[in-house]
Amino acid sequence: MAEQTDSKTKFGEQFDAEPEELVPTSPEASLSEWLEELEAVHHSHSRLPQSAEKALPAADSGEPSENHEEHESQTFGLLNYVWISVFWLGITYLWGGINGVILPKLNEQMVPENYKGSLLGIITALGMVVAIVVQPAVGALSDISRHRWGRRRPFILAGGVLVVVGLLAMALMAVFAREWWLLLACYLFLQLADNVSQGAYQGFIPDSVPKNRRGRASGAMGIAQLLGNVGGVAVATSFIDRNQPALAILVIVAVFSATLIPTLFMVKEKPLQEVGKPHRWQVVLGTIGEFVHHKNFVRFIISRLFVLTAIATISLFALYFLQDVIGAKEGSLTSSYTLLLLVVVGFSLLSIFPAAWLSDKIGRKKLVIVACVIGAVGTLLMSTAHDMTQVVIFASLLGVATGSFNSIDWALATDLIPKGAAGRFMGISNLAGAGSQALAALVGGALRDGFNALGETFLHTKNVGYVALFIAAAVFFMLGIIFLLRVKESATTHA
């Protein structure tokens, strides 16, 4: 990688420059002028170091021409937003139900009370390690795939089939053999399968959505994520109240399959053009070397890691919080969870569309910072809650923060990635997504169990660990702001 770093024109910087260099100055720009610009950029690429050319595919490989993109921008309608985001609903429905309700409840039934937080953290963190490894690798491989069905869809199909297999295995385990090690095995397999699909799927938006439509597409993804999370948690909770986790898992199979099918057939994708045959593992391993040249993207990933860790810290332990602090007893979780989710989803929906629209006008950073401040205030207030009325009031702030962040997050990521590297760079972005789950699980589990024990021993007070959880979440929100302040947005981000 030293050869790339010492080059006068860095490999990563070439990628950064391409989106603006190839865009015509206006829709009426002549074809001849645009072709001259394209030829000049292509000539500059010919001076790249040979090692860089061999390690990674050309930046514009398989990408549509700018004239074509202008046409696509004009014809990109409502149904396109639906098809591009529907699978995200299925994915978040899956993990909303599994991580939010089913996994915590099965874990609670298999381990001692004093260790349920720590062991939940361990099983979640191990699953996230799988996600961190698999998703960027699959994203990189999908970037160079030459399958006639397209770069992304073969991976999405293969991962989707394995997800169904993993869910069915977990359902059988929940009925016939409730053993913690079997729960761990099923969870790890499910993470492996899902991240095969996700690694390729996350390249769809940069591949398929015109640049000036990405803010709205990100908003559509935010809505799908919100509805998926809420639906997954609400439906799974109703079955858990009746001690029927297997039925909850079967419903997840149905929803996931129903969103997988239209994604495979309704999203337009063209096969990658033949532009050389880079070695697959050179691409996978070379991605990290390329990644470090994009300092703004690195800072964005670190910021995203902390913000998502704050959100995950709350969501992973919400079930235990409602049971232990608010006093939601066995069989009554449905009403408490449903009320909480209705507040969160309502305020999230109110914030998604204004945030997505404003992000295209004034830039993503400012709105993400505002969302983080609101989230920090909400989590600090939540640490003082002792009844459902207080929980509902404070949850409204978390709803605004979560909805605003989710509607902008994808758009900001796609603004910062180099052209032609959507799969591997969006896969790397999962270092924040999956890493946040692992960090929240390990830190949150230790805080919950450790401070609960200290509070009972020295202060004769129960549930001190949950106060520590919410304070930690507020700190994570603020750390997200600190790193985001150093991210420089593209000049065309809010043009």
- Can you name every residue in the stretch 124-146 that is within 23 Å of TYR466 (Cα to Cα) and buried (at least 22 other Cβ atoms within 10 Å of the Cβ)? THR124, MET128
- Message: Cβ-Cβ distance below 7 Å, separation of 6 or more or different chains: which pairs start in the stretch 461-484 with a residue that is farther than 20 Å from LYS365 by Cβ and end on one that is outside any helix (DSSP H, G or I)?
- Response: VAL467/SER383; LEU469/PHE317; PHE470/SER383; ILE471/SER383
- Residue count for the stretch 298-317, restricted to those that are closer than 18 Å to VAL230 by Cα and among the polar types (S, T, N, Q): 2
- Message: If a residue must be buried (at least 20 other Cβ atoms within 10 Å of the Cβ) and of a type in the set (D, E, K, R), how many such residues does the stretch 428-482 contain?
- Response: 2
- Message: For the structure I just gave you, tell me whether LEU367 is part of a helix (DSSP H, G or I), among the hydrophobic types (A, V, I, L, M, F, W, C), farther than 13 Å from VAL400 by Cα and modelled with pLDDT of 75 or more.
- Response: no
- Item | Qualifying positions in the stretch 113-128 - of a type outside the set (Gly, Ala, Ser), over 15 Å from SER315 (Cβ atoms) and at pLDDT below 85 | GLU113, ASN114, TYR115, LYS116
- Task: Filter the stretch 242-293 for residues that are among the basic types (Lys, Arg) and at pLDDT below 80 and give the result.
- Result: LYS268, LYS270, LYS277, ARG280
- Please find, within the stretch 170-188, the residue that is surrounded by the most Cβ atoms within 10 Å (Cβ to Cβ) out of those that are part of a loop (DSSP other than H, G, I, E, B) and in contact (Cβ under 8 Å) with a residue 24 or more places away in the chain. ARG178
- When you go through ALA174, ALA200 one by one, which is the residue that is assigned by TED's automatic domain parsing to the domain that holds LYS116, modelled with pLDDT under 95, farther than 18 Å from LEU89 by Cβ and among the small types (Gly, Ala, Ser)? ALA174
- Query: Could you say whether any residue in the stretch 344-354 is buried (at least 22 other Cβ atoms within 10 Å of the Cβ), of a type outside the set (Ser, Thr, Tyr) and modelled with pLDDT under 85?
  - Reply: yes
- Note on the structure: Scanning the stretch 392-419 for residues that are among the β-branched types (Val, Ile, Thr) and either closer than 21 Å to VAL475 by Cβ or not in a helix (DSSP H, G or I) (or both) gives VAL400, THR402, ILE417
- A careful count of residues in the stretch 136-169 that are touching a Leu at 6+ places or on another chain (Cβ under 7 Å) and either of a type in the set (Phe, Trp, Tyr) or without any contact (Cβ under 8 Å) to a residue 60 or more places away in the chain (or both) gives 1
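Residues are listed down the side, and each one gets a yes or a no for (1) among the hydroxyl-bearing types (Ser, Thr, Tyr); (2) surrounded by fewer than 23 Cβ atoms within 10 Å (Cβ to Cβ); (3) within 18 Å of ILE311 (Cβ to Cβ); (4) under 24 Å from the mean Cα position of the chain (by Cα):
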{"site": "LEU339", "(1), (2), (3), (4)": "no, yes, no, no"}
{"site": "LYS365", "(1), (2), (3), (4)": "no, yes, no, yes"}
{"site": "ILE369", "(1), (2), (3), (4)": "no, yes, yes, yes"}
{"site": "VAL373", "(1), (2), (3), (4)": "no, yes, yes, yes"}
{"site": "LEU398", "(1), (2), (3), (4)": "no, no, yes, yes"}
{"site": "ILE408", "(1), (2), (3), (4)": "no, no, yes, yes"}
{"site": "LEU412", "(1), (2), (3), (4)": "no, no, yes, yes"}
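The values are calculated or read from the model by the stated rules, or taken from the named source; none is laboratory data. For clarity, every value in this text was computed on a predicted model and none was experimentally measured. Cβ sites come from the backbone with ideal geometry, for glycine too, and all protein chains shown count toward neighbours.
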